[in-house]
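Reading through the structure tokens given below for one structure.
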Amino acid sequence: MPSAAITGGCLCGSVRYRCDEPYRYAVHCHCSMCRKSSGAAFMTWVCLPREAFRLTAGTPRPRRSSATAQRAFCPDCGAQIYMDYRGSGTIDVSVGTLDDAGSVTALDNIWVEERLPLMKGFDGDLPEHRQFSPRS
Ligand SMILES: [Zn+2]
Ligand SMILES: [Zn+2]
């Protein structure tokens, strides 16, 4: 039987993770914290069921980015690997860390009130939310 496992890791391979269930949803986030923490114009988050997520190698360095969220980075290469919102049922991994990032379809653009003008029209068929997605 084919495995439904989702696997991924950072650029250098020190930190690896695995999830044995499908992702719940994925969103493009245009908030300024995603921008500053990644250096990119926006981030795409893939939301994995928390109970099915586990680290299989390495220990990411957590960094608090707000009162309710921590972002976890590889201590060696600096890649941002996941976001952990207190009270959330998901661990949200950055799409670029997935081994099979090409299989992900995003459902929403969120925090569009902070979106850069250069992103205007990007994935414009998706529902847009000024702040959080109603799914999260
Ligand atoms: Zn790394
Ligand atoms: Zn964000």
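The values are calculated or read from the model by the stated rules, or taken from the named source; none is laboratory data. All values reported here derive from a predicted model rather than from experimental measurement. Here the Cβ is made from the backbone with ideal geometry for all residues, glycine too, and neighbour counts use every protein chain on show. Note: accessible area is taken over every heavy atom of the protein model, side chains too, but ligands, DNA and RNA are not part of it. Shrake-Rupley method; radii C 1.70, N 1.55, O 1.52, S 1.80 Å.
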Filter the range 23-43 for residues that are outside any loop (DSSP other than H, G, I, E, B) and open to solvent by 20 Å² or more (accessible area, probe 1.4 Å); the one that is farthest from ligand 1 (Cβ to nearest atom) is 25
Tally, over the range 87-107, of residues that are among the acidic types (Asp, Glu) and either under 16 Å from residue 60 (Cα atoms) or modelled with pLDDT under 95 (or both): 1
Tell me which of these residue 64 doesn't satisfy, since it passes every other one: (1) open to solvent by 60 Å² or more (accessible area, probe 1.4 Å); (2) modelled with pLDDT of 95 or more; (3) assigned to a strand (DSSP E or B). (2)
Could you please give the count of residues in the range 95-114 that are farther than 22 Å from residue 18 by Cβ and open to solvent by 50 Å² or more (accessible area, probe 1.4 Å)? 3
One residue is enough: does the range 73-90 have a residue meeting the conditions among the polar types (S, T, N, Q), outside any loop (DSSP other than H, G, I, E, B) and more than 16 Å from ligand 2 (Cβ to nearest atom)? no
Among the residues of the range 10-22 satisfying the criterion of being farther than 17 Å from residue 90 by Cα and crowded, with 22+ Cβ neighbours inside 10 Å, which is nearest to ligand 1 (Cβ to nearest atom)? 10
Give the residue that is nearest to residue 13 (Cα to Cα), with candidates limited to residues of the range 89-104 that are among the polar types (S, T, N, Q) and under 13 Å from the mean Cα position of the chain (by Cα). 97
Can you find a residue in the range 46-61 that is open to solvent by less than 50 Å² (accessible area, probe 1.4 Å), part of a strand (DSSP E or B) and within 16 Å of ligand 2 (Cβ to nearest atom)? yes
Name the one entry in 5, 57, 40 that is more than 17 Å from residue 109 (Cα to Cα) and out of contact with any Ser or Thr (no Cβ under 9 Å at 6 or more places or on another chain). 5
